[in-house]
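J.: Sharing a structure with you now.
The values are calculated or read from the model by the stated rules, or taken from the named source; none is laboratory data. From a predicted model like this one, the values you see are computed outputs, not experimental measurements. Using ideal geometry, Cβ is built from the backbone for each residue, glycine included, and neighbour counts are taken over all protein chains shown.
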Amino acid sequence: MSDHPVAEPNRPAAPSRSASAYVTEAREVRAFWERLGLPGLVDVHTHFMPERVLDKVWAYFDAAGPLTGMKWPITYREEEDRRVALLREFGVRNFTSMLYPHKAGMAEWLNGWSADFAARTPGCLHTATLFPEEGVEHYVRRALESGACVVKSHVQVGAYDPNGALLDPVWGLLAEAGVPVVMHCGSGPAPGKYTGPEPVGRLLARHPRLPLIVAHMGMPEYTDFLDLAERYEEVRLDTTMAFTDFSERLSPFPVEERARLAGLGDRVLFGTDFPNIPYPYLHQLRALERLELGDDWLRAVCQGNAARLFSLTS
C-alpha cells in the first residue's frame, strides 16, 4: 500500500441511513445531554482523515468479520461535510480527528491534513499523530507549535513498540507540554505484537507524567489498564465502543470492576469511534447510562472531564 492510498469503491451511492432516521437520532441524543443539564457533548475519539485513507479504513472494517466473528457495518458512511454536520446536530461541541499511519513516511503528511481540517472545522480539537521514524520528534514538535492539542498513537495498526528509542524523546516532549496522547494499546479487536498493558506499563514507568488516554478502556485488558490508571494520575481512559452490545459480545467488561469506574470518574472520557461504528451514536450514550453510576458521573464523562483536560469553555 502506498503512503497515499488509492481510494477503493467503498462509498455508497446513497447515505447509510435515511434523513428521517438521523433527525430522530439527533433529537434523542440531544435529549440525553439536555436531561443532564450539559451544554453539549465532547467526543475525544472521532475519526476524520483524508478520503483515500478513510476508504482504506472502511475497507478494513468491511472485512473485519473474520477477525471479530461479527459483521462490522459502518453506520455513518457519509461524505465528510455530512459527518461533521451530524456531530453538530447531535450537539457534539468538540471532537477530534483521530488519524494514524500504518508505516513510516505517512505521519507528517497526515499531520498537515489534520491541521488544515482543524483550521476549517470549528469545534475540532487539532489532532496530530506519530510513527517511530527518523524526524518524529521534529514533526511532533512542529505540530504542537502549530496548535495540536491531542496526539493519536495506534500501537496495533502501526505494529510498533511504544518503548522504542525513537519515540522516547517524543513522550518526554508531550509530557512536558501536557498534551494528551490517545493510544490504542489494548488487544482488541485483535491482538498485535506490542498491544497489551505490559508495554504501556514500561512506558509509564519512564514517563509517569505523560497524559495518556487509553482508548477503548483498554479492551479487552480492562482490569490491567484500570490498574495503571489508579497507579498514574495522568492516565485516563476513553469509553470508545466499551459497554456497547457489540463489544459486550466480543469483550465483556467485568461486572466486578464497575465500582472502579466510579472511583475513576474524573478520568473517564466520552469517546465513540464515530463514524466507524456498527450501531447508532445514541447507543454509546445508552450503554454508559445503563452502568447506573449516576448522573454526576455521566456529566463528568460526557463533557466535564474533557472540558477540563482541554481547557474548553462552555
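Yes/no per residue for (1) surrounded by fewer than 18 Cβ atoms within 10 Å (Cβ to Cβ); (2) at pLDDT 95 or above; (3) of a type in the set (S, T, N, Q):
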| site | (1), (2), (3) |
| --- | --- |
| Ser247 | no, yes, yes |
| Ser251 | no, yes, yes |
| Thr272 | no, yes, yes |
| Pro278 | no, yes, no |
| Ala287 | no, yes, no |
| Asp295 | yes, yes, no |
| Leu298 | no, yes, no |
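J.: Kindly provide the set of residues from the range 143-168 that are assigned to a helix (DSSP H, G or I), touching a residue at least 12 places away in the same chain (Cβ under 8 Å) and farther than 24 Å from Asp238 by Cα, ordered by number. I'd like the intermediate steps shown before the answer.
T.: Within the range 143-168, the first condition is being assigned to a helix (DSSP H, G or I), and the residues that meet it are 143-145, 155-158, 168.
If we keep only those that are touching a residue at least 12 places away in the same chain (Cβ under 8 Å) as well, we get 143-144, 155-158, 168.
The answer is none; no residue qualifies.
J.: Here is a further query. For Ala59, all conditions in the list (1) free of Cβ contacts under 8 Å to residues at least 60 places away in the same chain; (2) surrounded by 20 or more Cβ atoms within 10 Å (Cβ to Cβ); (3) among the aliphatic types (A, V, I, L, M) hold save one; what is the number of the exception?
T.: Exception for Ala59: condition (2).
J.: Of everything in the range 28-44, what is touching a Gly at 6+ places or on another chain (Cβ under 7 Å) and assigned to a helix (DSSP H, G or I)? Give them in sequence order.
T.: Val29, Arg30, Trp33
J.: If you don't mind, there's one more thing I want to ask. Give the residues of the range 205-218 that are among the aliphatic types (A, V, I, L, M) and surrounded by fewer than 21 Cβ atoms within 10 Å (Cβ to Cβ), sorted by residue number.
T.: Ala205
J.: Of the numbered conditions (1) touching a residue at least 40 places away in the same chain (Cβ under 8 Å); (2) farther than 22 Å from Ala242 by Cα; (3) not hydrophobic (A, V, I, L, M, F, W, C), Gly188 fails exactly one; give the number of that condition.
T.: (2)
J.: One residue is enough: does the range 178-194 have a residue meeting the conditions touching a His at 6+ places or on another chain (Cβ under 7 Å), over 26 Å from Leu285 (Cα atoms) and in a loop (DSSP other than H, G, I, E, B)?
T.: So far as the range 178-194 goes, no, none of its residues is touching a His at 6+ places or on another chain (Cβ under 7 Å), over 26 Å from Leu285 (Cα atoms) and in a loop (DSSP other than H, G, I, E, B).
J.: If you don't mind, another one. Go through the range 152-194 and report how many residues are within 25 Å of Ser311 (Cα to Cα) and either of a type in the set (Ser, Thr, Tyr) or modelled with pLDDT under 95 (or both).
T.: 1
J.: So which residues in the range 177-211 are closer than 19 Å to Ala159 by Cβ and among the aliphatic types (A, V, I, L, M), if there are any at all?
T.: Val181, Val182, Met183, Ala190, Val200, Leu203
J.: Would you check if Ala85 is surrounded by fewer than 22 Cβ atoms within 10 Å (Cβ to Cβ) and touching an Asp or Glu at 6+ places or on another chain (Cβ under 6 Å)?
T.: It is false that Ala85 is surrounded by fewer than 22 Cβ atoms within 10 Å (Cβ to Cβ) and touching an Asp or Glu at 6+ places or on another chain (Cβ under 6 Å).
J.: Please find, within the range 104-145, the residue that is surrounded by the fewest Cβ atoms within 10 Å (Cβ to Cβ) out of those that are among the small types (Gly, Ala, Ser) and over 24 Å from Tyr160 (Cβ atoms). Write out each step before concluding.
T.: Filtering the range 104-145 down to residues among the small types (Gly, Ala, Ser) leaves 104-105, 107, 112, 114-115, 118-119, 123, 128, 135, 143.
This time we only want the ones that are over 24 Å from Tyr160 (Cβ atoms), so: 118-119, 123.
On the way: Ala118: 22, Ala119: 12, Gly123: 15.
Across the range 104-145, the extreme among qualifying residues is Ala119.
J.: A follow-up question, please. State which residue is surrounded by the most Cβ atoms within 10 Å (Cβ to Cβ) when the search covers only the range 253-270 and only residues that are under 20 Å from the mean Cα position of the chain (by Cα) and over 18 Å from Gly40 (Cα atoms).
T.: By that ranking, first place goes to Leu261.
J.: Is there any pair linking a residue in the range 87-101 that is without any contact (Cβ under 8 Å) to a residue 60 or more places away in the chain to one that is surrounded by fewer than 24 Cβ atoms within 10 Å (Cβ to Cβ) and among the hydroxyl-bearing types (Ser, Thr, Tyr), with Cβ under 8 Å and at least six apart or on different chains, and which?
T.: What qualifies is Ser97/Thr121.
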